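What follows is a single structure, written as structure tokens, with notes after it.
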Amino acid sequence: MAKKSACSGSPCGMKLQPLGDRVVVRRDESEDRTAGGIYLPESAKNKPARGIIVSVGDGRLLDDGSRSKFSVKEGDRVIFLSYAGEEFKFGDNELLLMREGDILAVVN
């Protein structure tokens with residue numbers, strides 16, 4: 001089995017660590033065609049409001065100085081608000097940075 005290069009997917013050896021109550025999500029791919037079988041051009045595709053958690057922050061800083069615990073963890077499949085988060089590119093990946101509060105549900 002071939003090993004993945006340390007540089008595949010993200011800039012060489014770099015790990016993305018969000019701050020506070022933020023999470024990094026990789027959005028699922030949009031559908032190429034409708035339920036009726038009609039193929040959609042790129043301009044007509046809706047961006048899915050679901051994806052996989054790639055990385056989580058430390059948690060929100062509470063008044064007593066401690067950190068809140070996350071309800072999600074890396075690898076969880078989640079549903080989030082349609083326009084939640086900030087899109088950015090990290091290496092070859094298109095990712096979203098959003099607050100934990102923008103996540104609506106975890107898909108089991």
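Here are some notes:
- Between Lys15 and Ala49, the contour length at 0.36 nm per residue exceeds the Cα-Cα span by 9.8 nm.
- Cα-based shape type of region 56-96, given that a ≥ b ≥ c are square roots of the gyration tensor eigenvalues and the cut on a/c is 1.5: prolate
- Extension reserve of the Asn108-Tyr83 stretch, reckoned as 0.36 nm per residue once the Cα distance is removed: 6.7 nm
- Taking every protein chain into account, the accessible area of region 59-99 amounts to 72 square angstrom per residue (probe 1.4 Å).
The values are calculated or read from the model by the stated rules, or taken from the named source; none is laboratory data. Please read these numbers as outputs of a predicted model, since none were measured by experiment. Heads up: the accessible areas ignore ligands, DNA and RNA and are worked out on the full protein's heavy atoms, side chains in. Shrake-Rupley method; radii C 1.70, N 1.55, O 1.52, S 1.80 Å.
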